Amino acid sequence: MDGLIACKELTVSFGDRAVLNRFSFQIPDRGVIALSGPSGCGKTTLLRVLAGLQPLQGGMVEGGTPQQTALLFQDDRLLPWRTVKQHLTDVLPKSRWQEVPGLLALVELEGEETSLPSALSGGMGRRLALARCLALDARLYLLDEPFAGIDLPRALRILERLKGLPAPVLLVSHEPAVLSAAGTVVELDGPPLHKR
Amino acid sequence: MGWASVPSGPVRFPPQRGKDGTNRKRNLPLKRLLYALPAPAFWLGVWQVCAFLVDRHVNGRGNELLLPYPLSVWNAFVSMAGSGVFWSAVLASLGRIALGLACGTLLGALLAVLTCASRWADRLLSPAIRVVRAAPVASFILLVLLWTGRNRVPAVIAALMVLPVVWGSLSQGIHAVDKKLLELARCCRFSGRKTLCLIYLPSLRPHILSALTTAAGLAWKSGVAAEVLCLPEPSLGQRIYYTKYYLDIPELFAWTAVAVTLSMALEHILRACLARWGRGWTV
(Lines give C-alpha, C1' and ligand atoms only; values in the text may rest on other atoms or scores of the structure.)
Protein backbone atom coordinates (compact mmCIF):
# COMPACT_ATOMS: atom_id res chain seq x y z
CA MET A 1 0.00 0.00 0.00
CA ASP A 2 1.67 3.24 -1.18
CA GLY A 3 1.03 5.62 1.74
CA LEU A 4 0.19 9.29 1.52
CA ILE A 5 0.37 9.67 5.28
CA ALA A 6 2.42 7.36 7.47
CA CYS A 7 1.91 7.00 11.20
CA LYS A 8 5.08 5.70 12.80
CA GLU A 9 5.06 4.14 16.25
CA LEU A 10 2.41 6.47 17.64
CA THR A 11 2.15 6.34 21.40
CA VAL A 12 -0.55 8.06 23.42
CA SER A 13 -1.33 7.40 27.06
CA PHE A 14 -3.77 8.85 29.53
CA GLY A 15 -2.12 8.50 32.93
CA ASP A 16 -0.78 4.96 33.17
CA ARG A 17 -3.04 3.61 30.44
CA ALA A 18 -1.48 3.44 26.97
CA VAL A 19 -4.26 3.92 24.44
CA LEU A 20 -1.99 3.76 21.42
CA ASN A 21 1.23 1.83 21.93
CA ARG A 22 3.82 2.14 19.13
CA PHE A 23 1.05 2.11 16.57
CA SER A 24 2.20 2.17 12.93
CA PHE A 25 -0.07 2.54 9.98
CA GLN A 26 -0.15 3.92 6.41
CA ILE A 27 -3.01 5.74 4.76
CA PRO A 28 -3.29 5.38 0.97
CA ASP A 29 -3.88 8.46 -1.22
CA ARG A 30 -7.54 7.54 -1.98
CA GLY A 31 -10.38 5.35 -0.81
CA VAL A 32 -12.17 4.61 2.43
CA ILE A 33 -10.36 3.00 5.34
CA ALA A 34 -12.52 1.88 8.24
CA LEU A 35 -11.21 1.63 11.79
CA SER A 36 -12.97 -0.85 14.01
CA GLY A 37 -12.47 -2.22 17.47
CA PRO A 38 -13.96 -2.24 20.96
CA SER A 39 -14.60 0.97 22.88
CA GLY A 40 -11.50 2.52 24.39
CA CYS A 41 -9.06 0.86 21.98
CA GLY A 42 -7.90 4.23 20.62
CA LYS A 43 -9.91 4.83 17.44
CA THR A 44 -11.02 8.35 18.35
CA THR A 45 -7.60 9.10 19.84
CA LEU A 46 -5.96 8.13 16.54
CA LEU A 47 -8.25 10.50 14.62
CA ARG A 48 -7.53 13.30 17.11
CA VAL A 49 -3.80 12.70 16.79
CA LEU A 50 -4.04 13.00 13.00
CA ALA A 51 -6.14 16.18 13.38
CA GLY A 52 -3.51 17.66 15.70
CA LEU A 53 -5.85 17.81 18.70
CA GLN A 54 -4.09 15.13 20.75
CA PRO A 55 -0.40 15.45 21.65
CA LEU A 56 1.76 12.39 21.14
CA GLN A 57 3.99 10.84 23.78
CA GLY A 58 5.99 9.11 21.08
CA GLY A 59 6.16 8.45 17.35
CA MET A 60 5.44 10.73 14.44
CA VAL A 61 3.08 11.37 11.53
CA GLU A 62 4.75 11.77 8.15
CA GLY A 63 3.41 13.09 4.88
CA GLY A 64 0.69 15.37 6.17
CA THR A 65 -0.03 18.15 8.62
CA PRO A 66 -3.06 18.61 10.88
CA GLN A 67 -4.00 21.68 8.79
CA GLN A 68 -4.57 19.36 5.82
CA THR A 69 -7.10 17.19 7.63
CA ALA A 70 -10.84 17.59 8.21
CA LEU A 71 -12.28 15.94 11.31
CA LEU A 72 -15.88 14.92 11.94
CA PHE A 73 -16.26 14.76 15.71
CA GLN A 74 -18.12 11.96 17.48
CA ASP A 75 -20.77 14.55 18.44
CA ASP A 76 -22.35 16.79 15.80
CA ARG A 77 -21.22 20.19 17.22
CA LEU A 78 -23.77 22.08 15.15
CA LEU A 79 -24.33 25.77 15.81
CA PRO A 80 -27.97 26.18 16.92
CA TRP A 81 -28.09 29.73 15.48
CA ARG A 82 -26.93 28.82 11.94
CA THR A 83 -29.04 27.30 9.18
CA VAL A 84 -28.07 24.19 7.23
CA LYS A 85 -26.78 26.28 4.34
CA GLN A 86 -24.90 28.64 6.64
CA HIS A 87 -23.14 25.69 8.27
CA LEU A 88 -21.61 24.95 4.89
CA THR A 89 -20.96 28.50 3.72
CA ASP A 90 -19.25 29.19 7.05
CA VAL A 91 -16.49 26.71 6.20
CA LEU A 92 -16.40 27.20 2.44
CA PRO A 93 -14.65 30.19 0.86
CA LYS A 94 -17.05 32.41 -1.10
CA SER A 95 -15.64 31.17 -4.40
CA ARG A 96 -16.87 27.64 -3.53
CA TRP A 97 -20.39 28.50 -2.30
CA GLN A 98 -21.82 26.95 -5.47
CA GLU A 99 -20.73 23.58 -4.06
CA VAL A 100 -23.37 23.72 -1.30
CA PRO A 101 -26.14 21.87 -3.24
CA GLY A 102 -23.70 19.14 -4.26
CA LEU A 103 -22.57 18.65 -0.67
CA LEU A 104 -26.18 18.51 0.51
CA ALA A 105 -26.97 16.00 -2.23
CA LEU A 106 -23.98 13.89 -1.16
CA VAL A 107 -25.45 13.50 2.33
CA GLU A 108 -29.08 13.47 1.06
CA LEU A 109 -30.09 16.67 2.82
CA GLU A 110 -31.51 18.59 -0.14
CA GLY A 111 -34.38 21.00 0.56
CA GLU A 112 -33.23 21.72 4.13
CA GLU A 113 -31.06 24.74 3.30
CA THR A 114 -33.00 27.16 5.50
CA SER A 115 -33.66 24.80 8.41
CA LEU A 116 -32.05 25.37 11.78
CA PRO A 117 -30.45 22.39 13.58
CA SER A 118 -33.36 22.34 16.06
CA ALA A 119 -35.65 21.41 13.16
CA LEU A 120 -33.48 18.47 12.09
CA SER A 121 -33.70 14.89 13.33
CA GLY A 122 -30.65 13.23 14.92
CA GLY A 123 -29.69 11.52 11.67
CA MET A 124 -30.17 14.71 9.64
CA GLY A 125 -27.98 16.61 12.10
CA ARG A 126 -25.31 13.94 11.71
CA ARG A 127 -25.48 14.23 7.94
CA LEU A 128 -25.16 18.02 8.19
CA ALA A 129 -22.07 17.63 10.39
CA LEU A 130 -20.68 15.21 7.80
CA ALA A 131 -21.40 17.62 4.94
CA ARG A 132 -19.68 20.45 6.85
CA CYS A 133 -16.62 18.25 7.37
CA LEU A 134 -16.53 17.29 3.68
CA ALA A 135 -16.84 20.97 2.71
CA LEU A 136 -13.40 21.59 4.17
CA ASP A 137 -10.58 21.53 1.69
CA ALA A 138 -8.56 18.61 3.07
CA ARG A 139 -6.06 15.96 2.01
CA LEU A 140 -7.44 13.52 4.58
CA TYR A 141 -10.97 13.20 5.97
CA LEU A 142 -11.24 11.78 9.49
CA LEU A 143 -14.78 10.69 10.29
CA ASP A 144 -15.63 9.52 13.80
CA GLU A 145 -18.76 7.36 13.57
CA PRO A 146 -20.18 9.32 10.62
CA PHE A 147 -23.26 7.13 10.27
CA ALA A 148 -24.45 7.13 13.89
CA GLY A 149 -28.22 7.58 13.82
CA ILE A 150 -28.40 7.21 10.02
CA ASP A 151 -30.40 4.33 8.53
CA LEU A 152 -28.22 1.62 7.00
CA PRO A 153 -29.31 1.84 3.32
CA ARG A 154 -28.67 5.59 3.35
CA ALA A 155 -25.36 5.13 5.19
CA LEU A 156 -24.22 2.66 2.53
CA ARG A 157 -25.25 5.02 -0.29
CA ILE A 158 -23.30 7.88 1.32
CA LEU A 159 -20.33 5.56 1.88
CA GLU A 160 -20.27 4.71 -1.84
CA ARG A 161 -20.11 8.45 -2.61
CA LEU A 162 -17.28 8.93 -0.11
CA LYS A 163 -15.25 6.42 -2.10
CA GLY A 164 -15.30 8.89 -5.00
CA LEU A 165 -13.73 11.73 -3.00
CA PRO A 166 -10.37 12.96 -4.25
CA ALA A 167 -8.84 12.48 -0.76
CA PRO A 168 -8.69 9.40 1.48
CA VAL A 169 -11.31 8.90 4.19
CA LEU A 170 -10.45 7.31 7.53
CA LEU A 171 -13.65 6.45 9.35
CA VAL A 172 -14.58 4.82 12.62
CA SER A 173 -17.56 2.49 12.63
CA HIS A 174 -19.02 -0.37 14.62
CA GLU A 175 -21.56 -1.30 11.93
CA PRO A 176 -20.59 -4.60 10.23
CA ALA A 177 -22.30 -3.64 6.95
CA VAL A 178 -20.35 -0.37 6.80
CA LEU A 179 -17.11 -2.17 7.62
CA SER A 180 -17.65 -4.73 4.88
CA ALA A 181 -18.52 -1.98 2.37
CA ALA A 182 -15.37 0.02 3.19
CA GLY A 183 -12.34 -0.57 0.99
CA THR A 184 -9.98 -1.45 3.84
CA VAL A 185 -10.69 -2.31 7.44
CA VAL A 186 -8.16 -1.79 10.21
CA GLU A 187 -9.01 -3.48 13.47
CA LEU A 188 -7.70 -1.88 16.59
CA ASP A 189 -7.85 -4.36 19.38
CA GLY A 190 -5.17 -2.79 21.48
CA PRO A 191 -1.64 -3.88 20.65
CA PRO A 192 -0.73 -5.98 18.72
CA LEU A 193 -2.43 -4.49 15.65
CA HIS A 194 -4.35 -6.75 13.29
CA LYS A 195 -5.09 -5.77 9.72
CA ARG A 196 -7.25 -7.57 7.26
CA MET B 1 -16.95 16.87 -7.29
CA GLY B 2 -19.09 19.28 -9.24
CA TRP B 3 -21.92 21.02 -7.44
CA ALA B 4 -24.88 22.87 -9.00
CA SER B 5 -25.98 26.25 -7.65
CA VAL B 6 -28.95 26.78 -5.36
CA PRO B 7 -30.90 30.00 -4.75
CA SER B 8 -30.08 31.49 -1.38
CA GLY B 9 -32.69 33.02 0.92
CA PRO B 10 -33.47 34.01 4.50
CA VAL B 11 -34.75 31.57 7.11
CA ARG B 12 -38.53 31.24 6.73
CA PHE B 13 -40.96 29.72 9.14
CA PRO B 14 -44.56 28.97 8.14
CA PRO B 15 -47.00 31.58 9.55
CA GLN B 16 -48.79 30.44 12.70
CA ARG B 17 -52.50 30.02 12.05
CA GLY B 18 -55.42 29.51 14.39
CA LYS B 19 -58.01 26.75 14.07
CA ASP B 20 -60.12 28.99 11.84
CA GLY B 21 -57.16 29.50 9.50
CA THR B 22 -56.63 33.19 10.39
CA ASN B 23 -53.17 34.52 11.11
CA ARG B 24 -52.68 34.34 14.86
CA LYS B 25 -50.17 37.21 14.75
CA ARG B 26 -52.99 39.70 14.03
CA ASN B 27 -54.50 39.17 17.48
CA LEU B 28 -51.15 39.44 19.21
CA PRO B 29 -51.20 43.15 20.26
CA LEU B 30 -54.68 42.74 21.80
CA LYS B 31 -53.59 39.57 23.63
CA ARG B 32 -50.44 41.28 24.88
CA LEU B 33 -52.52 44.19 26.16
CA LEU B 34 -54.91 41.83 27.94
CA TYR B 35 -51.97 40.06 29.58
CA ALA B 36 -50.21 43.30 30.52
CA LEU B 37 -53.15 45.33 31.88
CA PRO B 38 -54.38 43.36 34.94
CA ALA B 39 -51.23 43.79 37.08
CA PRO B 40 -50.92 47.62 36.75
CA ALA B 41 -54.71 47.95 37.15
CA PHE B 42 -54.56 45.90 40.35
CA TRP B 43 -51.74 48.01 41.86
CA LEU B 44 -53.46 51.24 40.84
CA GLY B 45 -56.51 49.97 42.68
CA VAL B 46 -54.41 49.14 45.77
CA TRP B 47 -52.87 52.64 45.62
CA GLN B 48 -56.30 54.27 45.33
CA VAL B 49 -57.64 52.29 48.32
CA CYS B 50 -54.56 53.09 50.45
CA ALA B 51 -54.77 56.80 49.57
CA PHE B 52 -58.46 56.76 50.51
CA LEU B 53 -57.68 55.12 53.88
CA VAL B 54 -54.96 57.71 54.59
CA ASP B 55 -57.36 60.47 53.55
CA ARG B 56 -59.92 59.27 56.12
CA HIS B 57 -57.37 59.41 58.96
CA VAL B 58 -55.85 62.84 58.28
CA ASN B 59 -57.35 66.25 57.75
CA GLY B 60 -56.71 68.99 55.21
CA ARG B 61 -53.68 68.55 52.91
CA GLY B 62 -52.19 65.81 55.11
CA ASN B 63 -53.21 63.23 52.55
CA GLU B 64 -51.26 65.06 49.84
CA LEU B 65 -48.15 64.96 52.06
CA LEU B 66 -48.29 61.26 52.91
CA LEU B 67 -49.88 59.36 50.03
CA PRO B 68 -51.54 61.34 47.21
CA TYR B 69 -54.33 59.90 45.06
CA PRO B 70 -53.33 58.53 41.63
CA LEU B 71 -55.43 61.31 40.04
CA SER B 72 -53.47 64.03 41.91
CA VAL B 73 -50.24 62.51 40.62
CA TRP B 74 -51.64 62.38 37.08
CA ASN B 75 -52.66 66.06 37.32
CA ALA B 76 -49.19 66.96 38.60
CA PHE B 77 -47.66 65.04 35.69
CA VAL B 78 -49.89 66.78 33.12
CA SER B 79 -48.97 70.22 34.45
CA MET B 80 -45.25 69.27 34.50
CA ALA B 81 -45.30 67.80 31.00
CA GLY B 82 -46.64 71.07 29.61
CA SER B 83 -43.54 72.99 30.65
CA GLY B 84 -40.22 73.23 28.84
CA VAL B 85 -38.36 72.57 32.11
CA PHE B 86 -39.77 69.05 32.21
CA TRP B 87 -38.50 68.12 28.76
CA SER B 88 -35.09 69.71 29.22
CA ALA B 89 -34.69 67.90 32.57
CA VAL B 90 -35.80 64.56 31.09
CA LEU B 91 -33.59 64.84 28.00
CA ALA B 92 -30.54 65.98 29.97
CA SER B 93 -30.89 63.11 32.47
CA LEU B 94 -31.54 60.61 29.70
CA GLY B 95 -28.41 61.78 27.86
CA ARG B 96 -26.19 61.64 30.96
CA ILE B 97 -27.40 58.22 32.07
CA ALA B 98 -27.32 56.72 28.55
CA LEU B 99 -23.75 57.99 28.18
CA GLY B 100 -22.80 56.45 31.52
CA LEU B 101 -24.50 53.18 30.57
CA ALA B 102 -22.69 53.06 27.21
CA CYS B 103 -19.28 53.85 28.73
CA GLY B 104 -19.76 51.42 31.61
CA THR B 105 -20.90 48.65 29.26
CA LEU B 106 -18.01 49.18 26.87
CA LEU B 107 -15.43 49.32 29.64
CA GLY B 108 -16.99 46.34 31.45
CA ALA B 109 -16.91 44.29 28.22
CA LEU B 110 -13.29 45.22 27.50
CA LEU B 111 -12.24 44.35 31.04
CA ALA B 112 -14.12 41.02 30.82
CA VAL B 113 -12.21 40.11 27.65
CA LEU B 114 -8.93 41.21 29.24
CA THR B 115 -9.42 39.36 32.53
CA CYS B 116 -10.54 36.19 30.72
CA ALA B 117 -7.63 36.34 28.28
CA SER B 118 -4.87 37.03 30.78
CA ARG B 119 -4.41 35.51 34.23
CA TRP B 120 -2.26 38.44 35.29
CA ALA B 121 -4.87 40.97 34.20
CA ASP B 122 -7.44 38.94 36.14
CA ARG B 123 -5.29 38.95 39.30
CA LEU B 124 -4.67 42.66 38.98
CA LEU B 125 -8.08 43.96 37.95
CA SER B 126 -10.65 41.60 39.49
CA PRO B 127 -10.13 42.79 43.11
CA ALA B 128 -10.44 46.43 42.04
CA ILE B 129 -13.69 45.75 40.15
CA ARG B 130 -15.06 43.82 43.13
CA VAL B 131 -14.26 46.79 45.38
CA VAL B 132 -16.17 49.09 43.00
CA ARG B 133 -19.11 46.65 43.10
CA ALA B 134 -19.18 46.51 46.90
CA ALA B 135 -18.51 50.18 47.71
CA PRO B 136 -21.55 52.34 48.66
CA VAL B 137 -22.76 54.46 45.77
CA ALA B 138 -23.03 57.54 48.04
CA SER B 139 -19.27 57.43 48.73
CA PHE B 140 -18.55 57.39 45.02
CA ILE B 141 -20.97 60.22 44.36
CA LEU B 142 -19.25 62.46 46.91
CA LEU B 143 -15.76 61.53 45.72
CA VAL B 144 -16.57 62.06 42.04
CA LEU B 145 -18.24 65.37 42.97
CA LEU B 146 -14.97 66.47 44.57
CA TRP B 147 -12.88 65.29 41.62
CA THR B 148 -15.03 66.50 38.68
CA GLY B 149 -17.75 69.03 37.93
CA ARG B 150 -21.25 68.27 39.21
CA ASN B 151 -22.61 67.92 35.66
CA ARG B 152 -20.32 64.93 35.05
CA VAL B 153 -21.13 63.05 38.26
CA PRO B 154 -24.33 61.21 37.13
CA ALA B 155 -22.68 59.79 33.98
CA VAL B 156 -19.53 58.75 35.86
CA ILE B 157 -21.57 57.15 38.66
CA ALA B 158 -23.85 55.33 36.20
CA ALA B 159 -20.75 53.99 34.37
CA LEU B 160 -19.13 52.92 37.66
CA MET B 161 -22.25 51.05 38.76
CA VAL B 162 -22.75 49.39 35.35
CA LEU B 163 -19.13 48.32 34.84
CA PRO B 164 -18.93 45.53 37.48
CA VAL B 165 -22.32 44.11 36.45
CA VAL B 166 -21.33 43.88 32.78
CA TRP B 167 -17.85 42.63 33.66
CA GLY B 168 -19.22 39.89 35.96
CA SER B 169 -21.86 38.68 33.55
CA LEU B 170 -19.62 38.69 30.47
CA SER B 171 -16.69 37.05 32.31
CA GLN B 172 -19.04 34.28 33.36
CA GLY B 173 -20.33 34.03 29.78
CA ILE B 174 -16.85 33.88 28.25
CA HIS B 175 -15.83 31.09 30.64
CA ALA B 176 -19.05 29.22 29.81
CA VAL B 177 -18.55 29.24 26.01
CA ASP B 178 -18.64 25.61 24.85
CA LYS B 179 -15.03 24.43 24.53
CA LYS B 180 -16.15 21.82 22.01
CA LEU B 181 -17.37 24.58 19.69
CA LEU B 182 -14.03 26.37 20.05
CA GLU B 183 -12.30 23.10 19.14
CA LEU B 184 -14.61 22.86 16.14
CA ALA B 185 -13.66 26.42 15.13
CA ARG B 186 -10.00 25.40 15.29
CA CYS B 187 -10.63 22.31 13.15
CA CYS B 188 -12.70 24.29 10.65
CA ARG B 189 -9.85 26.82 10.49
CA PHE B 190 -12.10 29.76 11.41
CA SER B 191 -10.40 33.15 11.58
CA GLY B 192 -10.50 35.08 14.86
CA ARG B 193 -13.28 37.30 13.50
CA LYS B 194 -15.32 34.29 12.38
CA THR B 195 -14.89 32.59 15.77
CA LEU B 196 -16.02 35.82 17.46
CA CYS B 197 -19.07 36.27 15.22
CA LEU B 198 -20.14 32.61 14.92
CA ILE B 199 -19.33 31.25 18.35
CA TYR B 200 -18.51 33.85 21.01
CA LEU B 201 -21.16 36.50 20.28
CA PRO B 202 -24.13 34.10 19.85
CA SER B 203 -23.02 32.16 22.97
CA LEU B 204 -22.68 35.40 24.94
CA ARG B 205 -25.99 36.83 23.77
CA PRO B 206 -28.05 35.74 26.82
CA HIS B 207 -25.31 37.05 29.12
CA ILE B 208 -25.15 40.39 27.25
CA LEU B 209 -28.95 40.69 27.39
CA SER B 210 -29.10 39.92 31.10
CA ALA B 211 -26.18 42.26 31.86
CA LEU B 212 -27.63 45.14 29.86
CA THR B 213 -31.12 44.91 31.32
CA THR B 214 -29.75 44.78 34.89
CA ALA B 215 -27.27 47.54 34.08
CA ALA B 216 -29.93 49.83 32.57
CA GLY B 217 -31.98 49.74 35.78
CA LEU B 218 -28.88 50.25 37.91
CA ALA B 219 -27.69 53.16 35.75
CA TRP B 220 -31.02 54.93 36.28
CA LYS B 221 -31.10 54.34 40.03
CA SER B 222 -27.52 55.48 40.61
CA GLY B 223 -27.63 58.27 38.01
CA VAL B 224 -30.76 59.86 39.49
CA ALA B 225 -29.37 59.44 43.03
CA ALA B 226 -26.23 61.29 41.89
CA GLU B 227 -28.39 64.03 40.37
CA VAL B 228 -30.34 64.43 43.62
CA LEU B 229 -27.08 64.84 45.57
CA CYS B 230 -25.18 66.97 43.03
CA LEU B 231 -28.05 68.95 41.44
CA PRO B 232 -26.72 69.32 37.89
CA GLU B 233 -28.68 71.81 35.79
CA PRO B 234 -31.15 70.78 34.30
CA SER B 235 -31.88 67.30 35.59
CA LEU B 236 -34.59 64.95 36.74
CA GLY B 237 -32.80 64.48 40.06
CA GLN B 238 -32.76 68.23 40.65
CA ARG B 239 -36.53 68.35 40.12
CA ILE B 240 -36.97 65.46 42.56
CA TYR B 241 -34.83 67.37 45.11
CA TYR B 242 -37.06 70.44 44.73
CA THR B 243 -40.21 68.37 45.36
CA LYS B 244 -38.67 67.38 48.71
CA TYR B 245 -37.77 71.05 49.38
CA TYR B 246 -41.33 72.25 48.70
CA LEU B 247 -42.99 69.08 50.04
CA ASP B 248 -44.75 68.62 46.68
CA ILE B 249 -45.42 64.90 47.05
CA PRO B 250 -47.70 64.45 44.01
CA GLU B 251 -44.91 65.92 41.88
CA LEU B 252 -42.37 63.60 43.57
CA PHE B 253 -44.58 60.66 42.61
CA ALA B 254 -44.90 62.03 39.06
CA TRP B 255 -41.11 62.46 38.66
CA THR B 256 -40.56 58.97 40.07
CA ALA B 257 -43.06 57.57 37.57
CA VAL B 258 -41.23 59.41 34.77
CA ALA B 259 -37.88 57.92 35.93
CA VAL B 260 -39.39 54.41 36.10
CA THR B 261 -41.00 54.78 32.67
CA LEU B 262 -37.75 56.03 31.12
CA SER B 263 -35.79 53.18 32.72
CA MET B 264 -38.25 50.61 31.40
CA ALA B 265 -38.27 52.23 27.95
CA LEU B 266 -34.47 52.19 27.85
CA GLU B 267 -34.45 48.52 28.86
CA HIS B 268 -37.05 47.73 26.17
CA ILE B 269 -35.06 49.56 23.48
CA LEU B 270 -31.89 47.71 24.49
CA ARG B 271 -33.67 44.36 24.33
CA ALA B 272 -35.12 45.17 20.89
CA CYS B 273 -31.72 46.33 19.59
CA LEU B 274 -30.03 43.20 20.87
CA ALA B 275 -32.69 40.95 19.30
CA ARG B 276 -32.09 42.69 15.97
CA TRP B 277 -28.34 42.57 16.41
CA GLY B 278 -28.49 38.83 17.10
CA ARG B 279 -30.41 38.20 13.90
CA GLY B 280 -27.98 40.26 11.88
CA TRP B 281 -24.72 38.53 12.86
CA THR B 282 -22.87 37.63 9.69
CA VAL B 283 -19.30 37.01 8.71
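The values are calculated or read from the model by the stated rules, or taken from the named source; none is laboratory data. Predicted, not measured: the structure shown is a model, and the values here were computed from it. Virtual Cβ from ideal backbone geometry, glycine too; neighbours counted across all protein chains shown.
Return the pair list, or none, for Cβ contacts closer than 6 Å from residues in the stretch B:134-152 that are under 12 Å from B:Leu231 (Cα atoms) to residues that are at pLDDT 90 or above and surrounded by 14 or more Cβ atoms within 10 Å (Cβ to Cβ), at least 6 apart or on different chains.
Hits for this filter: B:Ile141/B:Ile157; B:Ile141/B:Ala226; B:Ile141/B:Leu229; B:Leu145/B:Val153; B:Leu145/B:Cys230; B:Arg150/B:Cys230; B:Arg150/B:Pro232; B:Asn151/B:Pro232.
For A:Leu165, only one of the following conditions fails: (1) in contact with a Pro (Cβ under 9 Å, 6 or more places away or on another chain); (2) surrounded by fewer than 18 Cβ atoms within 10 Å (Cβ to Cβ); (3) in a loop (DSSP other than H, G, I, E, B). What is its number?
(1)
Could you please give the count of residues in the stretch B:187-234 that are of a type in the set (S, T, N, Q), surrounded by fewer than 17 Cβ atoms within 10 Å (Cβ to Cβ) and within 14 Å of chain A (Cβ to nearest Cβ)?
Qualifying residue count, the stretch B:187-234: 1.
In the list A:Glu175, A:Glu160, which residue meets the criterion of being among the charged types (D, E, K, R) and surrounded by 18 or more Cβ atoms within 10 Å (Cβ to Cβ)?
On the way: A:Glu160 fails: surrounded by 18 or more Cβ atoms within 10 Å (Cβ to Cβ).
None of the other options fit; the residue is A:Glu175.
Every residue, every condition in (1) hydrophobic (A, V, I, L, M, F, W, C); (2) free of Cβ contacts under 8 Å to residues at least 40 places away in the same chain; (3) closer than 21 Å to A:Lys43 by Cβ, yes or no:
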{"residue": "A:Asp75", "(1), (2), (3)": "no, yes, yes"}
{"residue": "A:His87", "(1), (2), (3)": "no, no, no"}
{"residue": "A:Trp97", "(1), (2), (3)": "yes, yes, no"}
{"residue": "A:Glu110", "(1), (2), (3)": "no, yes, no"}
{"residue": "A:Met124", "(1), (2), (3)": "yes, yes, no"}
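For the stretch A:43-57, what are the residues that are more than 14 Å from chain B (Cβ to nearest Cβ) and surrounded by 22 or more Cβ atoms within 10 Å (Cβ to Cβ)?
Matches in the stretch A:43-57: A:Lys43, A:Leu46.
When the residues of the stretch A:58-75 are filtered to those that are surrounded by fewer than 20 Cβ atoms within 10 Å (Cβ to Cβ) and either under 18 Å from A:Ser121 (Cα atoms) or of a type in the set (Phe, Trp, Tyr) (or both), which remaining residue is nearest to the other protein chains (Cβ to nearest Cβ)?
In this case the residue turns out to be A:Asp75.
For the stretch B:124-163, give me each residue that is charged (D, E, K, R), more than 20 Å from the chain's Cα centre (by Cα) and under 24 Å from B:Ser210 (Cβ atoms). Write out each step before concluding.
Here is the first cut: in the stretch B:124-163, the residues charged (D, E, K, R) are B:130, B:133, B:150, B:152.
Going one step further and asking which of them are more than 20 Å from the chain's Cα centre (by Cα), we end up with B:130, B:150.
The answer is B:Arg130, and nothing else.
Would you check if there is a residue in the stretch B:137-157 being surrounded by fewer than 21 Cβ atoms within 10 Å (Cβ to Cβ), touching a Pro at 6+ places or on another chain (Cβ under 6 Å) and closer than 13 Å to B:Gly223 by Cα?
Within the stretch B:137-157, one or more residues are surrounded by fewer than 21 Cβ atoms within 10 Å (Cβ to Cβ), touching a Pro at 6+ places or on another chain (Cβ under 6 Å) and closer than 13 Å to B:Gly223 by Cα.
Given B:Leu65, B:Leu34, B:Leu53, which one is away from chain A (no Cβ under 14 Å), under 26 Å from the mean Cα position of the chain (by Cα) and either at pLDDT 80 or above or surrounded by 12 or more Cβ atoms within 10 Å (Cβ to Cβ) (or both)?
Details: B:Leu65 fails: under 26 Å from the mean Cα position of the chain (by Cα); B:Leu53 fails: under 26 Å from the mean Cα position of the chain (by Cα).
Within the list B:Leu65, B:Leu34, B:Leu53, the selection yields B:Leu34.
Scanning for something surrounded by fewer than 19 Cβ atoms within 10 Å (Cβ to Cβ) and among the aromatic types (Phe, Trp, Tyr), does the stretch B:159-175 turn up at least one residue?
Applying the first criterion (surrounded by fewer than 19 Cβ atoms within 10 Å (Cβ to Cβ)) to the stretch B:159-175 yields B:172, B:174-175.
Next cut, among the aromatic types (Phe, Trp, Tyr) only: none.
Within the stretch B:159-175, not a single residue is surrounded by fewer than 19 Cβ atoms within 10 Å (Cβ to Cβ) and among the aromatic types (Phe, Trp, Tyr).
So that you can scan it fast, the table gives a plain yes or no per residue for (1) at pLDDT below 95; (2) more than 8 Å from chain B (Cβ to nearest Cβ):
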| residue | (1), (2) |
| --- | --- |
| A:Arg82 | yes, no |
| A:Pro93 | yes, yes |
| A:Arg96 | yes, yes |
| A:Glu99 | yes, no |
| A:Glu108 | yes, yes |
| A:Gly111 | yes, yes |
| A:Ser121 | yes, yes |
| A:Arg126 | no, yes |
| A:Leu130 | no, yes |
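How many residues, within the stretch B:174-201, are closer than 23 Å to B:Ala275 by Cβ, among the aromatic types (Phe, Trp, Tyr) and free of Cβ contacts under 8 Å to residues at least 12 places away in the same chain?
Pass one, the stretch B:174-201, residues closer than 23 Å to B:Ala275 by Cβ: B:174, B:176-178, B:181, B:193-201.
Checking which are among the aromatic types (Phe, Trp, Tyr) leaves us with B:200.
Okay, now just the ones that are also free of Cβ contacts under 8 Å to residues at least 12 places away in the same chain, so none.
So the count comes out to 0.
Listed residues A:Leu134, A:Leu104, A:Leu142, A:Leu116; which is in contact with a strand residue (DSSP E or B) (Cβ under 6 Å, 6 or more places away or on another chain), within 11 Å of chain B (Cβ to nearest Cβ) and of a type in the set (A, V, I, L, M)?
Details: A:Leu134 fails: in contact with a strand residue (DSSP E or B) (Cβ under 6 Å, 6 or more places away or on another chain); A:Leu104 fails: in contact with a strand residue (DSSP E or B) (Cβ under 6 Å, 6 or more places away or on another chain); A:Leu116 fails: in contact with a strand residue (DSSP E or B) (Cβ under 6 Å, 6 or more places away or on another chain).
None of the other options fit; the residue is A:Leu142.
Here are some residues: B:Leu262, B:Leu247. Which one is closer than 26 Å to B:Glu64 by Cβ and not in a helix (DSSP H, G or I)? Reasoning before the result, please.
Details: B:Leu262 fails: not in a helix (DSSP H, G or I).
It is B:Leu247.
Can you find a residue that is under 24 Å from the mean Cα position of the chain (by Cα), loosely packed, with under 14 Cβ neighbours inside 10 Å and either closer than 26 Å to B:Leu218 by Cα or of a type in the set (A, V, I, L, M) (or both) anywhere in the stretch B:103-123?
There is no residue in the stretch B:103-123 that is under 24 Å from the mean Cα position of the chain (by Cα), loosely packed, with under 14 Cβ neighbours inside 10 Å and either closer than 26 Å to B:Leu218 by Cα or of a type in the set (A, V, I, L, M) (or both).
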